[in-house]
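Participant: Quick one: structure below, then a few questions.
The values are calculated or read from the model by the stated rules, or taken from the named source; none is laboratory data. It should be emphasised that the depicted structure is a prediction, and the values quoted were computed from it without experimental measurement. Virtual Cβ from ideal backbone geometry, glycine too; neighbours counted across all protein chains shown.
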Amino acid sequence: MRIMNKPDFIYVGYPRTGSSWIFQQLIKHSKVFLPFCKEIDFYWGYGQPPKGDPEFMTKRIKRYRDSRIKGYSDKFRDVLKWKRVLWDLKFVYGRRSPKWYYSLFPNNKMCGDISPNMAFIGKDEIRRLYSALPDIKIILTFREPIDQLWSAVMREIHTTKYDLDAISDETLSEEVDRAIHAFPRYHECYENWFSIIPHEQIYFSFFEDAMKDPAQRYTSICQFLDLEPETSCISIKPVGGTKKFVLTDEYEQLLVDEFRESVEILHQDERFDLPSAWYKRYPYLRSS
């Protein structure tokens, strides 16, 4: 039995890269514990507000609190599950610190934290994380940046209860601009993590490759974590129900221009073998 309750692995990002799917698979594994709240978002001394939003964590915790209050109202018998109630109270009202973070994990299972927004932290925060958890295993996933950002924008609009059929051009433009401003370039994120965490402690993949064979992705992640895959629990059904919107020509070109440099850098880097989907928006790169 472990002496301290600390996470063994963290899914650090990006958002909208299949983190909900892997959460739903691993939470069913008999030897794994994942916090009841997906995305703890503990930032290890984050210097700037997460994703550029000073109210990010306040809104994040409020959404979880409100969802649990509704859950307890709908299923009153859940109030009798005292371990879950205590966990919820600790998460919502506890003072965020390393001690608080560790207390969210039991010491009798392999523990993980699925917090894809961790992709947004910088080197100082990664160093603090690695200093506190030198054996931590990291799971990092990239997705074609325009699809990833547009999916994130649609999710944010859905979460903030906008009417997706009647959202104004101004509101949509503001959400896209905010997402672009907060979105770090992939090559910078990759260098941040791989320059500090030992390479053998990082599992890196592309979202497009993983979704071609979800079962293989699950199996390879279990192998990375030294877990025996429990394949009977695997579901290949997509998760998330956010309504899909077609990317307009205007935003398509805006985002192509915005991410051109970052995609070109990855294309020229021999460490990466970009999925074919990435080249649909940058076809000229295939001949370079």
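Participant: Taking the condition modelled with pLDDT of 90 or more, farther than 16 Å from P15 by Cβ, out of contact with any His (no Cβ under 6 Å at 6 or more places or on another chain) and assigned to a helix (DSSP H, G or I), does I69 pass?
Facilitator: When the stated conditions are applied, I69 does not pass them.
Participant: For the subset of segment 192-225 comprising residues that are more than 18 Å from the chain's Cα centre (by Cα), among the charged types (D, E, K, R) and in a helix (DSSP H, G or I), which member is farthest from I22 (Cα to Cα)?
Facilitator: E200
Participant: Could you please give the count of residues in segment 72-97 that are farther than 30 Å from G122 by Cβ, surrounded by 12 or more Cβ atoms within 10 Å (Cβ to Cβ), modelled with pLDDT of 80 or more and not charged (D, E, K, R)?
Facilitator: So the count comes out to 2.
Participant: Of the numbered conditions (1) at pLDDT 85 or above; (2) under 28 Å from A182 (Cα atoms); (3) out of contact with any Ser or Thr (no Cβ under 6 Å at 6 or more places or on another chain); (4) of a type outside the set (A, V, I, L, M, F, W, C), R16 fails exactly one; give the number of that condition.
Facilitator: R16 satisfies every listed condition except (3).
Participant: Restricting attention to segment 138-145, does a residue exist that is more than 21 Å from P7 (Cα to Cα), modelled with pLDDT under 85 and among the hydrophobic types (A, V, I, L, M, F, W, C)?
Facilitator: No - not one qualifying residue is present in segment 138-145.
Participant: Could I ask something else about it? Could you tell me whether D124 is farther than 13 Å from D8 by Cβ and over 18 Å from the mean Cα position of the chain (by Cα)?
Facilitator: yes
Participant: Starting from segment 224-248, keep only residues that are modelled with pLDDT of 75 or more, then list their pairs with residues that are assigned to a loop (DSSP other than H, G, I, E, B) whose Cβ atoms are within a distance under 6 Å, requiring at least 6 positions of separation or different chains.
Facilitator: Note: pairs meeting the criteria are E230/H29.
Participant: Could you tell me which numbered condition W150 fails, if it satisfies all but one of (1) within 23 Å of L225 (Cβ to Cβ); (2) crowded, with 16+ Cβ neighbours inside 10 Å; (3) touching a helix residue (DSSP H, G or I) at 6+ places or on another chain (Cβ under 9 Å); (4) of a type in the set (A, V, I, L, M, F, W, C)?
Facilitator: Exception for W150: condition (1).
Participant: Which of the residues spanning segment 265-288 are free of Cβ contacts under 8 Å to residues at least 40 places away in the same chain, surrounded by 15 or more Cβ atoms within 10 Å (Cβ to Cβ) and either farther than 24 Å from R178 by Cα or under 24 Å from the mean Cα position of the chain (by Cα) (or both)?
Facilitator: Correct list: H267, F272, Y279, L285.
Participant: Across segment 199-229, what is the total count of residues that are surrounded by fewer than 17 Cβ atoms within 10 Å (Cβ to Cβ), under 17 Å from L26 (Cα atoms) and among the basic types (K, R)?
Facilitator: Number of matching residues: 0.
Participant: I've got another one for you. Across segment 261-279, what is the total count of residues that are assigned to a loop (DSSP other than H, G, I, E, B) and within 11 Å of E144 (Cα to Cα)?
Facilitator: Qualifying residue count for the region: 2.
Participant: Taking only segment 8-23 into account, find how many residues are touching a Lys or Arg at 6+ places or on another chain (Cβ under 9 Å) and either part of a helix (DSSP H, G or I) or under 26 Å from S131 (Cα atoms) (or both).
Facilitator: 10
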